[in-house]
Structure formats: structure tokens, C-alpha cells
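Encoded as C-alpha cells, the structure appears first; notes follow it.
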Amino acid sequence: MVPLDDVRKKAPPQHGVAFVITLWLEPARDAAPPEWRWRVTEAQSGEQRYFRRVIDLLSYVSERADVPPPS
């Protein structure tokens with residue numbers, strides 16, 4: 001486990017962008033398993049976006065924050 005101080009030293013500079021990410025399991029029809037859903041709210045503007053795939057969520061957040069997505 002990496003100490004928190006080491007993580008802070010390596011973190012990119014803050015751009016003043018904050019997000020609230022909400023996730024839940026959406027019930028499926030028939031006997032299919034439930035599906036994950038995500039809602040991202042940009043704290044400054046209140047703009048909300050909904051996602052079905054986590055890769056799309058990460059792409060959106062990284063674009064809005066002007067940093068590359070996590071690898």
C-alpha cells in the first residue's frame with residue numbers, strides 16, 4: 001500500500017474541477033442480472049451525465065478535468 005503523502009506528491013496539479021459520482025444497480029427485465037449505472041454531476045455547474053459503461057464515465061471525467069484517464 002502506498003502512503004497517502006507519496007500519492008499527494010505524485011498527483012497532478014488541481015484544476016479546480018470536482019465531480020460527484022453516483023452508482024447503482026439497475027434492475028433488468030426477465031432473468032437477466034442487474035446492470036451497473038453511473039451518474040456524474042460536475043460540482044461547479046451542476047451538469048449531470050448518465051453512463052452505462054465505466055470506460056465512458058472515465059473518458060468524460062478526464063476530458064472535463066483536462067487530464068488523461070487512469071490507466
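The values are calculated or read from the model by the stated rules, or taken from the named source; none is laboratory data. Bear in mind that the values here come from a model prediction, so they are computed numbers and not experimental data. Every residue, glycine among them, receives a Cβ derived from its backbone with ideal geometry; neighbour counts consider all protein chains shown.
Residue by residue through the range 35-71, note down the ones that are in contact (Cβ under 8 Å) with a residue 40 or more places away in the chain and part of a helix (DSSP H, G or I).
Result: Val61, Arg64, Ala65.
For the range 5-43, how many residues are among the polar types (S, T, N, Q) and at pLDDT below 90?
Residues flagged as among the polar types (S, T, N, Q) and at pLDDT below 90 within the range 5-43 amount to 1.
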